[in-house]
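Enquirer: Below you'll find the structure I mean.
The values are calculated or read from the model by the stated rules, or taken from the named source; none is laboratory data. Computed from a predicted model, the values in this text were never measured in an experiment. Please note: Cβ atoms are built from the backbone with ideal geometry, for glycine as well, and neighbour counts cover all protein chains shown.
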Amino acid sequence: MTEIAYALVDWGTSSFRAWACAADGHVLGERRSGDGLLNVADGGFATVLEGHLEALGVPADAPAILCGMVGSRTGWVEAPYLSVPTDLAEVARRSQLVPHARRPIHILPGLSQRGAAPDVMRGEETQLLGIVAEGFATGTVCMPGTHSKWVKLHEGRVIAFSSFMTGELFQLLRTSSILKAAVETETGVDPKNPAFADGFGIGFSDARVVTNALFQLRAGWLLDGLDASDQAARLSGLLIGLEFAGAGERLGRDGRHALLASGPIAGLYQAAFDLSELSVDRTFDADGCVRHGLRAAALLLHPERTES
């Protein structure tokens with residue numbers, strides 16, 4: 001049986017994922033649970049982690065590499081943000097060791113951007129480490145989600161990044177605003193729906209009227225009985241179009257682009273790239289990249305236990 005050399009852990013606010021790996025990076029076991037930070041009682045991080053690692057059969061002396069909100073101020077041990085621009089290899093080199101732990105436990109830091117456009121990320125930096133490890137070291141990376149990130153890379157360095165609250169705004173408007181009844185539907189947004197393209201065009205080309213276009217979703221439903229699924233698609237398009245316009249303003253539209261996404265959101269953002277006439281040079285799976293980034297950190301932190 002292949003020996004487990006180390007463990008990789010993505011530990012967020014609401015979720016926990018762990019992988020037991022051989023020296024060559026092959027995954028020998030996986031655990032997923034709802035043991036996120038919100039569900040760890042009385043600071044019992046060590047108990048939760050060791051319970052999962054024991055279930056995976058990870059030896060007591062094998063190191064663990066952790067990323068995500070576990071390194072925030074409300075997490076286990078704070079891993080202070082690294083300021084950009086920075087080489088992504090520094091994410092591993094500046095990791096925080098958990099004191100008095102039974103095994104070497106490294107928590108990777110997030111990234112911060114100071115100055116006129118302050119911003120932070122925690123967790124996405126590890127996915128970026130994975131993207132660079134897979135050969136995309138220069139260009140712009142789009143990372144959609146609750147708080148989408150757009151990141152400018154140059155030769156493995158993060159030069160700048162911008163966050164957009166697109167996913168959170170969509171959820172708030174869909175469930176807690178005057179638009180709720182107009183966009184209420186049990187189906188997801190279809191990126192091929194013409195209403196998505198209509199909304200995207202407005203958000204992308206004329207941000208000045210977006211708040212008016214949002215209210216029109218309700219008015220169109222009240223006056224003309226417009227279909228809720230179409231209105232939800234138009235809402236999604238408006239917000240994603242606004243994000244694409246803002247990302248272009250912040251980071252420019254030149255150079256290569258990569259899309260890091262999984263699930264239905266990947267289709268929406270691919271459609272948005274097509275509508276904006278930007279090409280996607282590489283696509284990456286979000287789940288795979290966080291694991292590959294943690295693996296890249298393990299190579300730097302514990303070369304004696306890894307095989308490149």
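Enquirer: When only residues in the range 165-180 that are surrounded by fewer than 19 Cβ atoms within 10 Å (Cβ to Cβ) and in a loop (DSSP other than H, G, I, E, B) count, which is farthest from the chain's Cα centre (by Cα)?
Expert: Among those residues, the one meeting the criterion is Ile178.
Enquirer: Name the single residue that is nearest to Glu155 (Cα to Cα) among those in the range 252-308 being touching a residue at least 12 places away in the same chain (Cβ under 8 Å) and among the acidic types (Asp, Glu).
Expert: Applying the filter and picking the extreme gives Asp281.
Enquirer: Separate question: Given the criterion closer than 30 Å to Val91 by Cβ and either surrounded by 17 or more Cβ atoms within 10 Å (Cβ to Cβ) or in the same structural domain as Pro264 (by TED's automatic domain parsing) (or both), identify the matching residue among Val189, Val183, Val209, Val151.
Expert: One residue alone meets the criteria, Val151.
Enquirer: Go through the residues of the range 218-226 one by one and say whether even a single one is touching a helix residue (DSSP H, G or I) at 6+ places or on another chain (Cβ under 8 Å), surrounded by fewer than 18 Cβ atoms within 10 Å (Cβ to Cβ) and more than 30 Å from Gly68 (Cβ to Cβ).
Expert: Taking every residue of the range 218-226 in turn, at least one turns out to be touching a helix residue (DSSP H, G or I) at 6+ places or on another chain (Cβ under 8 Å), surrounded by fewer than 18 Cβ atoms within 10 Å (Cβ to Cβ) and more than 30 Å from Gly68 (Cβ to Cβ).
Enquirer: Oh, and also: Just the residues that are closer than 11 Å to Tyr6 by Cβ and surrounded by 22 or more Cβ atoms within 10 Å (Cβ to Cβ), please, taken from the range 296-308.
Expert: Ala297, Ala298
Enquirer: OK, next. Within the range 199-225, track down each residue that is touching a residue at least 24 places away in the same chain (Cβ under 8 Å) and polar (S, T, N, Q).
Expert: Ser205
Matching residues to (1) of a type in the set (D, E, K, R); (2) surrounded by 21 or more Cβ atoms within 10 Å (Cβ to Cβ); (3) more than 17 Å from Leu299 (Cα to Cα):
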| residue | (1), (2), (3) |
| --- | --- |
| Ala60 | no, no, yes |
| Leu66 | no, yes, no |
| Met69 | no, yes, yes |
| Trp76 | no, yes, yes |
| Thr86 | no, no, yes |
| Ile107 | no, yes, no |
| Ser112 | no, no, yes |
| Ala116 | no, no, yes |
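Enquirer: Residues of the range 181-191 being in a loop (DSSP other than H, G, I, E, B) and under 25 Å from Gln270 (Cβ atoms), which ones? Spell out the reasoning first.
Expert: The initial filter retains those residues of the range 181-191 that are in a loop (DSSP other than H, G, I, E, B), namely 184-191.
Within the range 181-191, Thr185, Glu186, Thr187, Gly188, Val189, Asp190, Pro191 qualify.
Enquirer: Identify, please: which residue in the range 217-251 is of a type outside the set (A, V, I, L, M, F, W, C) and touching a strand residue (DSSP E or B) at 6+ places or on another chain (Cβ under 8 Å) and is, among those, farthest from Ser148 (Cα to Cα)?
Expert: Going through the qualifying residues, I end up with Arg250.
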